[in-house]
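To start, the structure under review is shown below, and the notes come after it.
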Amino acid sequence: MTWSSALRNAARDGLTIERTKLTPVVAARGALGVAIVVGVILWLGTPALAVSSAFGAFSAGLVTFQRSWRPRPVLALAVAVGLAVSTFLGYVAAFDPVVFGTLLTVWTLLAGMAWAVGPVSGLVATQTIAVMLVTVTLPTSVMGALHHAGLIAVGGLVQAALVVLLPVRPWGLQRDALADALAAEADYARRLRHDPQAPFDPQPLMDAREAAELTPRQARNRPRQLGGPRGVAERLRPVLAALADPVLGAPAEGPERDRARDLLGAAATVLDAVARAIRWGKPVKLPDEATAVLTVPATGPVLHGPARRSALRLMALLGDAVDSTDEPVRRTTARGGSEHRHLLRPSVPRLVPVALRALRREARWSSPVGRHAVRVAAVVLTGYAAGTALPWGHAYWAPMTSVMVMRPDFGQTYSRGVARFAGTVVGVAVGGALMAFTHPGLWVCAGLAVVCVGLMYLLMQTGYSVASACIAAYVVFLLGIAGEGWSQTVQARVALTLLGGLLAMAAYALFPTWETPRLRDRLAEWLTANGDYALAVLGAFAQPGERKPRRVREALLDARAARAAWEEMAGRALTEPVRHRGISRSSERAAEAALATVGRATMLMEAHLPDREAEPSKGAAAFAAALESALPAAAEAVRGRRPLDWTGPHEALAAWREEEGEEGVAVRGSELLLDALDELATALSPGPGGRNRATRRP
């Protein structure tokens, strides 16, 4: 992709406004927090203090809208602490430009590294840089610094208190995540009726798993409907695929295929009903037609062999999904008893060592997060120096724009830069026009600022340009409280926002972190993870008595994580102005399809794992050993752009077929697996005969 195309796409993405679900009650609660803080401080203190304290409530309210499974009050309190500390340190260092510049650089480096912990941590750290830049414009003493830091913290405390006192749909995010996972499987079942090899995006299941991670305190208060259906949903997916597959399930045509289609349609209906019940906290209501289909016909079973086993398993799992949604969840008591196990989420204090390990892992020159930290620190310092030298005042606006738009990847940085400038122009134009024509008083400005905050909370998911427009108007009215002239505010805001956006874009162009050259590494990691998943499943056929379900489960989760990492990197690479380096777009698509098929073939075998009393399979053991030997060399071949060699697994599979025939589920699944690996080798084969030609990425 050329630079002109990349910039054009980034501008289009930044200016795109999406239709999304709005949450007016939650937005009103966040705006109420800002109104309380601004109103009380304006009543008891000075306009300058009201302006300063508003940033704490605004930032704390903003973070409660982020996608995080942590309790909203915890997020608000974490922001309050971070903002208070950064405010105090900024005030203390503001007496000397050199000292403040040094503090700003070090703090920005650490805040940039916070993206290693997660996107929410990165956003919180970004907010602390912004408040450090803004609040130090009010000179004060050490005691005054403590006073201002306390006011900033009060804003976060108010937002946390409102979340507790005015709860809006408690556990709503967790309910939506689990309901979305079940609805995704319902859609998958419907597509399988017409396309037995329909793809499935595991992201809803991954989100549901993350949402199910609880602290011990959360586990005691979790709604009963969130206790069981997720595990059933995980086990349903391979059963649905196995029933629909013409190789390992129902034949492609005939009465058995018709019966399989009816079962898949009924399963989709049941899953949708369970999803609705979980989303809205109501009992499950099943249509009679679906219930009638999910019973063995009076004339006897229609399906036979592996397809019949899959159908019986499907009926049992759907019954478990309905029962676990309707029945109370049992918990452990002090006197003993049983409980539903939950995924453990560490408490905030226990996250410290996890965060430190993440920071150490990313503290290297080749890390995208590490390079982002260096890049944003240099830009913030340069922007602050340039803003100070310019005659408009408000020197913090340029670096604040830079830090708010910069992200570790190219696409988001450039699209947010365009959106920030466009939104700022609209916001200051609207806000400036209202100030010019109406000349609002102190309290009217405060009211208009709160309205802008409420609109930002309400519309922030529609696009960054819309949120930027609301923020820009909010700043105009907020500075109106402090008595600043609207004409100076408009001029300085637009000019310094443009400067900050240009600095952010120039920094990424001069010191980039491209994802495109690393695509082969990520592809090799996905191949390794899929291989480990296949080895875990084959091991269950080789030694049924020593089967370890947890090993299969962990290998599946690793394979999903590797696939998600690949898809994220490939999506970012599509936006980069980088010529072909190592893998063409056509080879990338073919390799992605091949590895997805590897995962699907393994999942089909997982749906038919043998009982512990079954006879061990020597052929499965030999094939697994050959595959295990070939995988490391194949991963290195992917990285080094060399041909892939699957000779060993082919020979082991041929011997397995001669020994046990071609009717076994494991044999037929392994054939599908090896065919997909051959497709991967073809997709990545170098030279004119393969797909991996040196072409530009579109």
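The values are calculated or read from the model by the stated rules, or taken from the named source; none is laboratory data. Note that the structure is predicted; figures quoted are calculated from it, not measured. Note: ideal-geometry Cβ built from the backbone for every residue, glycine included; neighbour counts use all protein chains shown. When the accessible area is computed, the model is the full protein with side chains, heavy atoms only, and any ligands, DNA or RNA have been set aside. Shrake-Rupley method; radii C 1.70, N 1.55, O 1.52, S 1.80 Å.
Listing for the model above:
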item	result
Qualifying positions in segment 389-406 - in a helix (DSSP H, G or I), of a type in the set (A, V, I, L, M) and over 17 Å from Pro119 (Cα atoms)	Ala389, Ala398, Met400
Scope segment 594-628; condition of a type in the set (S, T, N, Q) and part of a loop (DSSP other than H, G, I, E, B); matching residues	Ser617
Odd one out for Leu286, checked against (1) outside any helix (DSSP H, G or I); (2) touching a residue at least 40 places away in the same chain (Cβ under 8 Å)	(2)
Residue match in segment 510-518 (condition: in contact (Cβ under 8 Å) with a residue 12 or more places away in the chain and open to solvent by 60 Å² or more (accessible area, probe 1.4 Å))	yes
Residue satisfying all of: in segment 44-70; of a type in the set (Val, Ile, Thr) and at pLDDT 85 or above; least open to solvent (accessible area, probe 1.4 Å) among these	Val63
The lone exception for Ala389 - which of (1) open to solvent by 10 Å² or more (accessible area, probe 1.4 Å); (2) touching a residue at least 12 places away in the same chain (Cβ under 8 Å); (3) more than 20 Å from Val38 (Cβ to Cβ) it fails	(2)
Filter pass, Leu496 being over 23 Å from Gly387 (Cα atoms) and open to solvent by less than 20 Å² (accessible area, probe 1.4 Å)	no
Exclusive hit being over 23 Å from Ala145 (Cα atoms), touching a Phe, Trp or Tyr at 6+ places or on another chain (Cβ under 9 Å) and hydroxyl-bearing (Ser, Thr, Tyr), set Thr23, Thr16, Thr87	Thr23
Inter-residue pairs, beta-carbon under 6 Å, first hydrophobic (A, V, I, L, M, F, W, C) and in segment 531-556, second open to solvent by 80 Å² or more (accessible area, probe 1.4 Å), 6+ apart	Leu535/Glu628; Ala536/Arg551
Some residue of segment 213-231 being in a helix (DSSP H, G or I) and closer than 23 Å to Glu289 by Cβ	yes
Filter result for Trp3 (open to solvent by 40 Å² or more (accessible area, probe 1.4 Å), in contact with a Pro (Cβ under 9 Å, 6 or more places away or on another chain) and among the aromatic types (Phe, Trp, Tyr))	yes
Helices (runs of 4 or more DSSP H) lying entirely in segment 460-568 (those with 3 or more residues that are in contact with a Gly (Cβ under 7 Å, 6 or more places away or on another chain) and farther than 27 Å from Thr2 by Cα)	464-481, 486-510
Options Ala473, Ala507, Ala559, Ala540; residue that is at pLDDT 90 or above, in contact with a Cys (Cβ under 7 Å, 6 or more places away or on another chain) and open to solvent by less than 30 Å² (accessible area, probe 1.4 Å)	Ala473
Enumeration of residues in segment 241-273 that are modelled with pLDDT of 90 or more and in contact with an Asp or Glu (Cβ under 7 Å, 6 or more places away or on another chain)	Leu271
Enumeration of residues in segment 631-672 that are open to solvent by less than 60 Å² (accessible area, probe 1.4 Å), under 16 Å from Ala621 (Cβ atoms) and either free of Cβ contacts under 8 Å to residues at least 60 places away in the same chain or charged (D, E, K, R) (or both)	Gly648, Pro649, Ala652, Leu653, Ala654, Ala655, Trp656, Gly664, Val667
Selection status of Thr126, touching a residue at least 60 places away in the same chain (Cβ under 8 Å) and among the hydroxyl-bearing types (Ser, Thr, Tyr)	yes
Residue match in segment 105-117 (condition: modelled with pLDDT under 90 and of a type in the set (A, V, I, L, M, F, W, C))	yes
Residue in segment 130-152 that is buried (at least 17 other Cβ atoms within 10 Å of the Cβ), under 21 Å from Met404 (Cα atoms) and at pLDDT 90 or above present	no
Spans of helices (runs of 4 or more DSSP H) in segment 1-75 with at least 1 residues without any contact (Cβ under 8 Å) to a residue 60 or more places away in the chain and out of contact with any Asp or Glu (no Cβ under 6 Å at 6 or more places or on another chain)	3-15, 24-44
Some residue of segment 23-32 being open to solvent by 50 Å² or more (accessible area, probe 1.4 Å) and of a type in the set (S, T, N, Q)	yes
Residues located in segment 169-188, provided they are open to solvent by less than 50 Å² (accessible area, probe 1.4 Å), more than 12 Å from Leu205 (Cα to Cα) and either without any contact (Cβ under 8 Å) to a residue 40 or more places away in the chain or not in a helix (DSSP H, G or I) (or both)	Gly172
The one condition in (1) more than 23 Å from Pro349 (Cα to Cα); (2) open to solvent by 40 Å² or more (accessible area, probe 1.4 Å); (3) among the β-branched types (Val, Ile, Thr) that Ile41 fails to fulfil	(2)
From Leu243, Leu286, residue being of a type outside the set (Ser, Thr, Tyr) and crowded, with 23+ Cβ neighbours inside 10 Å	Leu243
